[in-house]
Amino acid sequence: MNDAPLYPGATLGVLGGGQLGAMFAAAALRLGYRVAVWDPDPDAPAHRLASVSFPTAFADSATAHAFSQLVNAVTLEWENVPAALCEQLAGIHPVRPSAAILRVIQDRIEQKQFLQAQGFPVPSFRMVQRPHQLASAVAELGGAVICKTATSGYDGKGQWTIRHSSEVAGVEQALASMVPRGARWIVEAMVDFARELSVLVVRGQDGDQRVYPVVENRHEGGILRLSVVPARISAVVAEQASDLAMRAVRALDGIGVFCVELFHTQSGTLLINEIAPRPHNSGHYTLDACSVSQFEQQVRALCGLPLGEVRLLSPAAMVNVIGQDLEAVTSREGCFDLLATPGAVLHLYGKRVARPGRKMGHVTFLADESEQAATRASRFEKILRV
Ligand code: AMP
């Protein structure tokens, strides 16, 4: 396999064609690359930007052949693409991040065990292989817990909060219905966090690492709602968070863009919640507030080119447009209002159906201070709630 740099004009393949794939494609096209998008959903946003589209199942061997003939390197827009396909493609082209990293990250149990074995701080957890093990896992951890499916969960899907032992039986029943699909679960102590943080790390083939400023996040129902950057934390905590994230990505030996999600606890410690081996929703602000976005970094790392600056040009706050929120920005009043707001940058993903919980777009608010950006964002959030 040839690991030489890939220059503009080459064809980059992306597995997955959601908004992250579309933003990767836009960055690659701007730099003069061609992009092949493989996503089973013909309506997936990235197909609209693709030089060549493959709207077929990931199991389709004819597509695997055609795709590998066409592309010079492969990346992915989310971690749940089949690792076996990445392994197969890696025999022919560079695939970044690697299938080995996907195998660790795709499974929440493997990921937490890996991090713990490497000495990184994570919430206390127990593995649950059979539904009847749930009760003892909850009792051992004590207090409130979150039970999550080990694989395939995202945006709060496949998660149950248990605050009282009386709730265990109901959750156990829900788990039992998943046994035929071979599910396993991780039960985590509920962390009493002061805030959630995330850190974007970019790592090149030569081990060169760049870290973006720490972001402060707020989730609602397991879905990211708001990100503010720089996070309103002390310089010491920001330094600790950046250092932790860089060490975690180095431990994975990752090449590409990684987002390390953290809990900053009430007692001031940092715990790793999870790592995404790709650009992340909490890094969308980099499109409008940084000289080089997370998606351009993905292109650069994939192609073996020098990594870009991670300089923040402006404090920013990002609000996700989720499900029916879309109406608030596509009506005349809402759209005019938003576009007239100083510093507001609207991104809509062009998804046709606004299902509840589906990410339809986001708005980045730029301002002189994080606080001011957050104020503009919360004004917008109030409009969404109405
Ligand atoms: P996840 O899919 O694991 O990132 O979880 C989605 C969101 O659920 C997180 O961003 C937190 O807001 C919340 N959450 C997940 N795990 C925990 C935990 N162990 N303690 C407290 N909140 C959690």
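Report, to one decimal in Å, the Kirkwood hydrodynamic radius for the range 197-257 based on all distinct Cα pairs. Walk me through the numbers on the way to the answer.
Values: mean 1/r = 0.0810 Å⁻¹.
Mean inverse Cα-Cα distance, inverted, gives 12.3 Å.
Under a crude label model (7 Å from the Cα following the beta-carbon direction), how far is Asp368 from Glu110 in nanometres?
Those two pseudo-labels are separated by 5.0 nm.
Report the residues of the range 349-386 in range of a label on Asp43: point 7 Å along Cα→C-beta, backbone N strictly under 15 Å from it.
349-361
Can you name the helices of the chain, as whole DSSP H runs, whose Cα span along the helix axis is 18 Å or more and whose Kyte-Doolittle mean is not below 0.0?
Details: long enough: 235-252 (26 Å, 0.70); 370-385 (22 Å, -0.86).
Those that clear 18 Å and a mean of 0.0 are 235-252.
Do the alpha carbons of any pairs in Lys359/Lys382; Lys112/Lys359; Lys148/Lys351 sit beyond 24 Å of each other, and which pairs?
Where the Cα-Cα span goes over 24 Å, the pairs concerned are Lys112/Lys359; Lys148/Lys351.
What percent of all Cα-Cα pairs in the range 193-385 falls into each 10 Å bin, going from 0 up to the bin containing the maximum distance?
Values per bin, smallest distances first: 9, 36, 35, 17, 2, 0.
Just the number, please: percent antiparallel of the DSSP beta bridges in the range 11-95, rounded to the nearest 5.
0 percent
Under 25 °C and 0.890 mPa s, how fast does the range 11-95 diffuse according to Stokes-Einstein, given a Kirkwood radius computed over C-alpha pairs? Answer in µm²/s, whole number.
Roughly 200 µm²/s, to the nearest whole number.
Please give the calculated 222 nm ellipticity per residue for the chain, where each DSSP H segment of at least 4 residues contributes -39500 (n - 2.57) and the sum is spread over every residue; nearest 500 deg cm²/dmol?
After summing the helix terms and dividing by residue count, I get -9500 deg cm²/dmol.
What percentage of all Cα-Cα pairs in the chain are separated by more than 37 Å?
20 percent
Sorted from largest down, what three extents in whole angstroms do the Cα atoms of the range 1-42 have along their principal axes?
32, 24, 13
Would you mind counting up the charge near Glu369? Only other residues with Cβ under 14 Å from its Cβ, with Lys and Arg at +1 and Asp and Glu at -1.
-1
Once each part is reduced to its C-alpha centroid, what is the distance from the range 182-254 to the range 299-364 in angstrom?
When both Cα centres are located, 20 Å separates them.
Between Asp208 and Arg352, what length in nm is gained on full extension when 0.36 nm per residue of separation is reduced by their alpha carbon distance?
Going from the current span to full extension adds 47.8 nm.
Counting only the heavy atoms of the protein chains, how much of Trp78 is accessible to a 1.4 Å probe, in Å² to the nearest 10?
Accessible surface of Trp78 is approximately 80 Å².
Just grab the label-to-label distance for Trp78 and Arg250, each label 7 Å out from Cα along the Cβ direction, in nm (one decimal).
3.2 nm
Report, to two decimal places, the Cα Rg of the range 124-189 normalised by 2.2 N^0.38 Å (N = number of residues).
Normalised Rg, Cα atoms only: 0.98.
Can you work out the FRET efficiency for the pair Glu140 and Ala100, with r the C-beta to C-beta distance and R0 = 25 Å, to the nearest 0.05?
Working from the Cβ atoms, E equals 0.20.
Could you report the range 11-95's accessible area per residue, 1.4 Å probe, as an integer in Å²?
Numbers: 3110 Å² over 85 residues.
Per-residue accessible area for the range 11-95 comes out at 37 Å².
Answer with one residue from Tyr33, Cys86, Pro45: the one whose Cα lies farthest towards the positive end of the charge dipole of the range 11-95, charges on Cβ with Lys, Arg +1 and Asp, Glu -1.
The one lying farthest along the dipole's positive direction is Tyr33.
How much of the accessible area of the chain, probe 1.4 Å, is carbon plus sulfur, in whole percent? Before the final figure, lay out each step's value.
Working: 8440 of 16300 Å².
Of the solvent-accessible surface of the chain, carbon and sulfur hold 52 percent.
Write down Rg/Rh for the range 215-299, rounded to two decimals, with Rg from the C-alpha atoms and Rh from the Kirkwood relation over Cα pairs.
0.94
Keeping all protein chains in position, work out how much accessible area Met246 exposes to a 1.4 Å probe, and write it in Å² to the nearest 10.
For Met246, the solvent-accessible surface is approximately 40 Å².
The values are calculated or read from the model by the stated rules, or taken from the named source; none is laboratory data. Quick caveat: nothing in here was measured; it's all calculated off a predicted structure. Reconstructed Cβ throughout: ideal geometry from the backbone, glycine too, with neighbour counts over all protein chains shown. SASA here: full protein model, heavy atoms, side chains in, ligands and nucleic acids out. Shrake-Rupley method; radii C 1.70, N 1.55, O 1.52, S 1.80 Å.
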